[in-house]
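Okay, so here's the structure we're looking at.
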Amino acid sequence: MAFASDEVGNYPKVGVGLAGFGSVGAGVYKHLQRNRRLLAERLGIELTVRRIVVRDASKKREPQPPRELFVSHWRELIADPEVQIVVELIGGVEEAFALVTDALRAGKIVVTANKALLAEHGQEIFKLAESKGVPVLFEAAVAGGIPIIKAVQEGFIGNRIESAHGIINGTCNYILTRMANERGLTYQAALAEASALGYAEADPTLDVSGWDAAHKAIILASLAYGFWVPPGDVYVHGIQGITAEDFVHAKRLGYNIKLLAILKAHADGAVEVRVHPTMIPHDHLLAEVDGVFNGILLWGDVVGETLFYGRGAGQDATSSAVLSDLAQAATDLIRDNEPNRFRPHGLYGRCLPIEQIRSEYYLRLSVKDQPGVLAGVAGILANRQIGISSVLQPPPMYPSNIPNPTASPEDLPALPAADSTGTHQHVDLILMLHFATHRQITEALEEISRLPYVSSDPKPALIHVEHLPE
Ligand code: HSE
């Protein structure tokens, strides 16, 4: 809905330069025009696009900005005295780094949606911004339209962030949701569907490897814990190894599988920052965040648990976050406020190496169905002080006749009587394991993999299990 009149009163103007006019750039431009008066009346400031960097000025666009706004290189945008806020939307890392640092050196405020840039160069960028006294705003870099950056920087400023569990990659969440909801759907088929629908990039590696979520986790963790988390200290595992059978077993055990970014603070100042497929109780609200949506469950020591839900990507959601940064930047500029900035502090300062991180686990083995197998596997686990909380040997008809995972557990086929054929066919053996360190479990798994009755095709699979704060 628009105002009856789009006439904007006589407010001070702040000039915006858009470096990039792809999907997000066009969205920002469109919504700045659409909500021009609303923003002006709320802020008492008029945001005006002064320059837009495009490769081909003659190309037809929707919306179509006036041709005189177009420039062909971002240096022209930085050089323009009428541009006070530079919006970096070119993506990639090296050129974006040059653009952002040049803009800061020129005293321009920077707004960016570039999570890879901040994850890799955040420390240098924020140091430069500090020395120049200009802010860098990045609400759009994490979870698209969900205002999680503002929440951590402002809403929860009086909290220690005990933990955060985030579904912050829509592509992976779409793939995993489809595998959870359609019987027997393979990872490859779900990925092909995500690509056909335009959710997955032409090269989906950054998404499915977990690194897109890891970049966002690094940004969130750095804000929450006051030191810039080195990407090399983050444990990242993608979703490529998840099978249709894992979803069936998870369902039977009362779980759903999500790619989670997990942050946890320890009392001694160490923090966990990790991204991996995770089994979470199927009746938890986070387990119901489906499709391309994002969800973040954040626990503060004062506020308790909070849950954020919304679109983590796409033109409109990302534009909404950029508009919020533009409004913040313009207000600070005109009112001469101390800009919001990355504030390091000394309460935390190191990441716990993955080997020392404790978790519960789901372990899937393909084993010969013969006496002594369970005892052999359990013996190795017992020797390493790893407890078993439950064991499942599903019917050997899997995966050729995978029951519908959306069926209630009672509707799943009964477990079969012991195989009487004597052929020792391979069956899945699922063990749910009590807390153990990553080192304990990986060493145990190496030993288990060497057992003669444990198949290497499919390989043993390990999935973390989290019982989330309620
Ligand atoms: N490709 C990301 C996702 C969006 O699927 O969530 C941009 O980070």
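The values are calculated or read from the model by the stated rules, or taken from the named source; none is laboratory data. Here the structure is a predicted model, which is why all the values come from computation and not from measurement. FYI the Cβ positions are ideal-geometry reconstructions off the backbone, even for glycines, and counts take in every protein chain you see. For accessibility, only protein heavy atoms count, side chains too; no ligands or nucleic acids. Shrake-Rupley method; radii C 1.70, N 1.55, O 1.52, S 1.80 Å.
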Test result for LEU347, without any contact (Cβ under 8 Å) to a residue 60 or more places away in the chain, surrounded by fewer than 22 Cβ atoms within 10 Å (Cβ to Cβ) and hydrophobic (A, V, I, L, M, F, W, C): no
Pairs please, first residue from segment 225-253 and in contact (Cβ under 8 Å) with a residue 60 or more places away in the chain and over 12 Å from LEU176 (Cα atoms), second anywhere and among the small types (Gly, Ala, Ser) and open to solvent by less than 10 Å² (accessible area, probe 1.4 Å), Cβ atoms under 8 Å, 6+ apart in sequence or on different chains. TRP228/GLY122; TRP228/SER222; VAL229/ALA221; VAL229/SER222; PRO231/ALA119; PRO231/ALA214; VAL234/ALA214; VAL234/ALA217
Run ALA317 past the list (1) of a type outside the set (Asp, Glu); (2) free of Cβ contacts under 8 Å to residues at least 60 places away in the same chain; (3) within 16 Å of the ligand (Cβ to nearest atom) and report the number of the one that doesn't hold. (2)
Residues ALA213, ALA140, ALA190: which one is touching a strand residue (DSSP E or B) at 6+ places or on another chain (Cβ under 7 Å) and within 14 Å of the ligand (Cβ to nearest atom)? ALA213
Does GLY241 satisfy the condition of being open to solvent by 10 Å² or more (accessible area, probe 1.4 Å), over 30 Å from ARG343 (Cα atoms), small (Gly, Ala, Ser) and within 16 Å of the ligand (Cβ to nearest atom)? no
Which count do you get for residues in segment 288-313 that are more than 16 Å from the ligand (Cβ to nearest atom) and of a type in the set (Phe, Trp, Tyr)? 1
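Among the residues that make up segment 151-164, is at least one of them away from the ligand (no atom under 12 Å from the Cβ), part of a helix (DSSP H, G or I) and closer than 17 Å to GLY312 by Cβ? Before the answer, list the steps.
At the first step, the residues of segment 151-164 found to be away from the ligand (no atom under 12 Å from the Cβ) are 151-164.
Applying the additional criterion that residues be part of a helix (DSSP H, G or I) yields 151-155.
Restricting the remaining residues to those that are closer than 17 Å to GLY312 by Cβ gives 151-152.
Checked segment 151-164: at least one residue is away from the ligand (no atom under 12 Å from the Cβ), part of a helix (DSSP H, G or I) and closer than 17 Å to GLY312 by Cβ.
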Looking only at segment 314-331, which residues are crowded, with 18+ Cβ neighbours inside 10 Å and touching a strand residue (DSSP E or B) at 6+ places or on another chain (Cβ under 8 Å)? ALA317, VAL322, ASP325, LEU326, GLN328, ALA329, ALA330
Out of everything in segment 432-457 that is in contact (Cβ under 8 Å) with a residue 40 or more places away in the chain and of a type in the set (Asp, Glu), what residue ends up being most open to solvent (accessible area, probe 1.4 Å)? ASP457
LYS264 meets each of (1) assigned to a strand (DSSP E or B); (2) among the basic types (Lys, Arg); (3) at pLDDT below 95 with one exception, condition (3)
Under the condition of being among the hydrophobic types (A, V, I, L, M, F, W, C) and modelled with pLDDT of 95 or more, which residue from segment 302-313 is most open to solvent (accessible area, probe 1.4 Å)? VAL302
When segment 186-217 is checked residue by residue, the ones that are modelled with pLDDT of 95 or more, surrounded by fewer than 18 Cβ atoms within 10 Å (Cβ to Cβ) and charged (D, E, K, R) are GLU193
Here are the criteria: (1) surrounded by fewer than 23 Cβ atoms within 10 Å (Cβ to Cβ); (2) under 27 Å from ALA265 (Cβ atoms). Tell me which single one ARG183 does not satisfy. (2)
Where in segment 271-370 are there strands (runs of 3 or more DSSP E), lying fully within it, with 2 or more residues that are under 21 Å from GLY241 (Cα atoms)? 358-368
Of those in segment 219-238 that are in contact with a strand residue (DSSP E or B) (Cβ under 7 Å, 6 or more places away or on another chain) and open to solvent by less than 60 Å² (accessible area, probe 1.4 Å), the residue farthest from the ligand (Cβ to nearest atom) is TYR225
